[in-house]
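*Asks:* So that we are looking at the same thing, I have put the structure below in structure tokens.
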Amino acid sequence: MTDEQSRDLYDRALSVLPGGVNSAVRAAIEPYPPFIERGDGGHVIDADGDRYIDWVMGLGPLLYGHDQPDPVQAAVQSHASEGPMYGMPTEIEVEHAEFVARHVPSVEMLRFVNSGTEATVSACRLARAHTGRDKIVVMQGGYHGAQESTLVEGEYDDTSPSSPGIPDSFAEHTLAVPFNDREAAHRVFEDHGEDIAAVMVEPILANYGIVRPVDGYHETLRDLTEDHGALLIFDEVITGFRVGGLQCAQGKFGIDPDLTTFGKLIGGGFPVGAIGGSAEIIEEFTPSGEVFQAGTFSGHPVTMAAGLESLRYAAENDVYDHIHGLGERLRTGLQDIVADHAPEYTVTGTDGMFKLVFSRHGPESYDAHCAGGCAQRESCSRFDTCPKTAADVARGETDRWRRVFWPKMREQGVFLSQNQYESQFVTYAHTEDDVDETLEAYKNAL
Ligand SMILES: *Cc1c(COP(=O)(O)O)cnc(C)c1O
């Protein structure tokens, strides 16, 4: 493994891009990140010609790895060469909206935007306008993009902005509770119920080690929001069209949120976001309603073509079966490995997502555990110790993960996500060999 080209590129980048990157997490790899030259199926090749099995997969948008199926490529190329965009409506955005509305249980109508962040910003604005209230409840460690209302730290109603440059007054309207804590959810509605516009939650904490909901957690949030006239917003930017396949996580969990935010996969590898929900609420956006929302690039024809054709291809082929099968093989294999090497660690994830959380405390054995990844089943022998909140994940051996384990995996040609918190993704391009090689590398690195 050499990295001279990446080092030189990073040196140049540092002069013109802050921290050498355009999104902070990319620089989490030290001393400098590999620059990627190209992808090939389930693999990436960096600027120095080193080849890796890629489990980062763009951090979520790629269902097919780095090989788009032919119909996706054809649709992208034809839309790119025809325009590429007009500032006027096109048929492809109607078709894409029809597809999403047909498959996602709670969505009748949607507004496309250009990123997950834009989607959550607009969803907060819509929820506040709809309810006439200001407060948004979020989960500690939940991620909703780089937006003012949700970038908070602290607890409960004592939150402050987690970044300089955000006025304290934003955080005053944001209440942060621990994920999976039903009592905290009840308490926040007892104390602030009349001021809460919405609860915004990832159906699975997917940007913080992957934490699945305990039994009844989302039902509790659904009941509380309904009882208090607040909206339930599922941020499915990561889980949408990944967890649960075409029905998304809400279909898998049997919960109908009032609003859903999408991003990542629905753009087929291009920048995208969307806010979906009932026609009654979504029509409050301009021009049918009063809540201002607009975007030069929104519903971009190339993005719409890529997103729609990728989801159509998934509807017509064995894409999710393949991905979920490999995900299961990977997580089960990981459980066998940590049972021998580090039984306190927790294998997390579901469907096409996986992570190994380096938890410090856990049972000495993997007997009678949730097979195929921590599912927060109360009957599991590890239920009392497995991570249930972001704080639990953060208490893990994050330095060991980053400084020792990640580089050891890279040396073996396996590219994992940039830190202990980001999810890793299985795609249609990955093979059983990729999984088995990756497991072998875990065995050596742990
Ligand atoms: C990635 C992500 C976002 C932000 O999306 P961007 O396209 O990066 O702005 C928001 N919410 C969740 C759950 C995400 O995973």
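The values are calculated or read from the model by the stated rules, or taken from the named source; none is laboratory data. Just so we're clear, the structure is a prediction, and the values are computed from it rather than from any experiment. Counting neighbours? That spans all protein chains shown, and the Cβs are built from the backbone with ideal geometry, glycine included.
Each row is one residue, and each column tells you yes or no for (1) hydrophobic (A, V, I, L, M, F, W, C); (2) on the phi < 0 side of the Ramachandran plot.
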{"residue": "Y208", "(1), (2)": "no, yes"}
{"residue": "G216", "(1), (2)": "no, no"}
{"residue": "E226", "(1), (2)": "no, yes"}
{"residue": "L232", "(1), (2)": "yes, yes"}
{"residue": "I238", "(1), (2)": "yes, yes"}
{"residue": "G245", "(1), (2)": "no, no"}
{"residue": "K252", "(1), (2)": "no, yes"}
{"residue": "L259", "(1), (2)": "yes, yes"}
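*Asks:* Something else now. Take region 212-237 and flag every residue that is part of a loop (DSSP other than H, G, I, E, B) and either within 16 Å of the ligand (Cβ to nearest atom) or touching an Asp or Glu at 6+ places or on another chain (Cβ under 7 Å) (or both).
*Replies:* R212, P213, D215, E236, V237
*Asks:* Among the residues that make up region 108-117, is at least one of them β-branched (V, I, T) and in contact with a helix residue (DSSP H, G or I) (Cβ under 7 Å, 6 or more places away or on another chain)?
*Replies:* yes
*Asks:* What number of residues within region 272-311 satisfy the criterion of being surrounded by 19 or more Cβ atoms within 10 Å (Cβ to Cβ), of a type outside the set (V, I, T) and not in a loop (DSSP other than H, G, I, E, B)?
*Replies:* 14
*Asks:* Could you list all residues from region 244-298 that are of a type in the set (S, T, Y) and touching a Ser or Thr at 6+ places or on another chain (Cβ under 8 Å)?
*Replies:* Those that are of a type in the set (S, T, Y) and touching a Ser or Thr at 6+ places or on another chain (Cβ under 8 Å): T260, T261, S278.
*Asks:* Among A101, A24, A74, A97, which is over 30 Å from A279 (Cα atoms) and surrounded by 13 or more Cβ atoms within 10 Å (Cβ to Cβ)?
*Replies:* Result: A74 is the single residue among A101, A24, A74, A97 that is over 30 Å from A279 (Cα atoms) and surrounded by 13 or more Cβ atoms within 10 Å (Cβ to Cβ).
*Asks:* Residue check: is E82 in the same structural domain as N207 (by TED's automatic domain parsing), of a type in the set (D, E), at negative phi and in contact (Cβ under 8 Å) with a residue 40 or more places away in the chain?
*Replies:* Considered against the rule, which asks whether it is in the same structural domain as N207 (by TED's automatic domain parsing), of a type in the set (D, E), at negative phi and in contact (Cβ under 8 Å) with a residue 40 or more places away in the chain, E82 comes out as yes.
*Asks:* Can you tell me which of G268, G209, G240 is surrounded by 24 or more Cβ atoms within 10 Å (Cβ to Cβ), within 16 Å of the ligand (Cβ to nearest atom) and either at pLDDT below 95 or not assigned by TED's automatic domain parsing to the domain that holds C124 (or both)?
*Replies:* One residue alone meets the criteria, G209.
*Asks:* Sort out which residues of region 111-144 are in contact with a His (Cβ under 8 Å, 6 or more places away or on another chain), more than 16 Å from the ligand (Cβ to nearest atom) and assigned to a loop (DSSP other than H, G, I, E, B), and write them in order of number.
*Replies:* D134, the sole residue that qualifies.
*Asks:* Restricting the first residue to region 53-67 and requiring it to be within 20 Å of E437 (Cβ to Cβ) and among the charged types (D, E, K, R), which pairs with a second residue that is more than 13 Å from the ligand (Cβ to nearest atom) and part of a strand (DSSP E or B) meet a Cβ separation below 8 Å and a spacing of at least six or different chains?
*Replies:* D54/G39; D54/H43; D54/V44; D54/F415; D67/G39; D67/D40
*Asks:* Same structure again: Quick one: which residue in E183, E202, E153 is surrounded by 23 or more Cβ atoms within 10 Å (Cβ to Cβ), within 28 Å of T350 (Cβ to Cβ) and not small (G, A, S)?
*Replies:* E202
*Asks:* Given the condition out of contact with any helix residue (DSSP H, G or I) (no Cβ under 9 Å at 6 or more places or on another chain), within 16 Å of the ligand (Cβ to nearest atom) and at pLDDT 95 or above, answer yes or no: does some residue in region 57-76 qualify?
*Replies:* Among the residues of region 57-76, at least one is out of contact with any helix residue (DSSP H, G or I) (no Cβ under 9 Å at 6 or more places or on another chain), within 16 Å of the ligand (Cβ to nearest atom) and at pLDDT 95 or above, which makes the answer yes.
*Asks:* Of the numbered conditions (1) on the phi > 0 side of the Ramachandran plot; (2) not in a strand (DSSP E or B), G154 satisfies every one except a single condition; which is it?
*Replies:* (2)
Matching residues to (1) more than 21 Å from D46 (Cβ to Cβ); (2) touching a residue at least 12 places away in the same chain (Cβ under 8 Å); (3) of a type in the set (S, T, Y):
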| position | (1), (2), (3) |
| --- | --- |
| T385 | yes, yes, yes |
| D392 | yes, yes, no |
| R395 | yes, yes, no |
| W406 | no, yes, no |
| Q412 | no, yes, no |
| E422 | no, yes, no |
| T427 | no, yes, yes |
| E432 | yes, yes, no |
